[in-house]
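**Student:** Could you have a look at this structure, given as structure tokens, before my questions?
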Amino acid sequence: MNVKPSFAMTSLSVRKRLLFVGDRLGDAGLRSEFLRRNGYEVDFANGAAMALAMARTHSYDIVLMGVETPALKALATKVQRLNPNATVGYLADCGQVIPPMPCYRMLWKGEPLEYFLARVETLAATA
């Protein structure tokens, strides 16, 4: 019987609060649930207006934005002002044009959840 190995990963940054920003839940829902199971508190904002409202009322350690989010750079700047200690990351799709954002803050939609978690852990370690 072929069994895919599963590695237990102990979070270095348990109880970090994360905000997903996107136009629809879709893939973010699966990734949010995976992060919750690994010790993160995760909120989802459907669009820029909701993201700003949530950033005003909550303090986030990490903010992940889909690169398809309209006015991405302006929204990232506003969220960073509201949560100065937050690390802003970008969830990009390799099949689409990637805006000029810092590479070390890029996460990829197509990668396995274990790799995604490792990248979020890296962002959380700096948050």
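**Student:** Within the range 13-23, is there a residue that is in a loop (DSSP other than H, G, I, E, B) and modelled with pLDDT of 85 or more?
**Tutor:** The answer is yes; a qualifying residue exists.
**Student:** Please identify the pairs in which a residue from the range 101-119 that is in a loop (DSSP other than H, G, I, E, B) has its Cβ atom under 7 Å from the Cβ atom of a residue that is of a type outside the set (Lys, Arg), counting only partners at least 6 apart or on another chain.
**Tutor:** Met101/Tyr90; Lys109/Asp27; Lys109/Leu91; Lys109/Ala92; Lys109/Asp93; Gly110/Cys94
**Student:** Of everything in the range 84-100 that's assigned to a loop (DSSP other than H, G, I, E, B) and touching a Phe, Trp or Tyr at 6+ places or on another chain (Cβ under 7 Å), which residue is farthest from Asp27 (Cα to Cα)?
**Tutor:** By that ranking, first place goes to Ala86.
**Student:** Among the residues of the range 68-75, are any at pLDDT 85 or above, closer than 15 Å to Leu18 by Cβ and of a type outside the set (S, T, N, Q)?
**Tutor:** Within the range 68-75 (the criterion being at pLDDT 85 or above, closer than 15 Å to Leu18 by Cβ and of a type outside the set (S, T, N, Q)), the answer is no, since none of the residues qualifies.
**Student:** Pick from the range 58-75 the residues that are in a helix (DSSP H, G or I) and touching a residue at least 24 places away in the same chain (Cβ under 8 Å): which of them is surrounded by the fewest Cβ atoms within 10 Å (Cβ to Cβ)?
**Tutor:** Among those that are in a helix (DSSP H, G or I) and touching a residue at least 24 places away in the same chain (Cβ under 8 Å), it is Lys73.
**Student:** Further question: Does Tyr104 meet the test of being over 25 Å from Arg37 (Cβ atoms) and of a type in the set (Phe, Trp, Tyr)?
**Tutor:** yes
**Student:** Here are the criteria: (1) open to solvent by 10 Å² or more (accessible area, probe 1.4 Å); (2) in a helix (DSSP H, G or I); (3) hydrophobic (A, V, I, L, M, F, W, C); (4) at pLDDT 90 or above. Tell me which single one Leu30 does not satisfy.
**Tutor:** (4)
**Student:** Can you tell me which of (1) buried (at least 19 other Cβ atoms within 10 Å of the Cβ); (2) at pLDDT 90 or above; (3) outside any loop (DSSP other than H, G, I, E, B) is the one Arg81 doesn't meet?
**Tutor:** Against the list (1) buried (at least 19 other Cβ atoms within 10 Å of the Cβ); (2) at pLDDT 90 or above; (3) outside any loop (DSSP other than H, G, I, E, B), Arg81 comes up short only on (1).
**Student:** Got a sec? Which of Leu82, Leu75, Leu117, Leu123 is touching a strand residue (DSSP E or B) at 6+ places or on another chain (Cβ under 6 Å) and on the phi < 0 side of the Ramachandran plot?
**Tutor:** Leu123
**Student:** Looking for something surrounded by fewer than 18 Cβ atoms within 10 Å (Cβ to Cβ), over 21 Å from Thr126 (Cα atoms), at pLDDT below 90 and out of contact with any helix residue (DSSP H, G or I) (no Cβ under 7 Å at 6 or more places or on another chain) - is there at least one such residue anywhere in the range 42-57?
**Tutor:** Yes: one or more hits.
The values are calculated or read from the model by the stated rules, or taken from the named source; none is laboratory data. As the structure is a prediction and not an experimental result, all values here were calculated from the model. Backbone-built Cβ (ideal geometry, glycine too); neighbour counts: all protein chains shown. Keep in mind that these areas ignore ligands, DNA and RNA; they rest on the heavy atoms of the full protein, side chains included. Shrake-Rupley method; radii C 1.70, N 1.55, O 1.52, S 1.80 Å.
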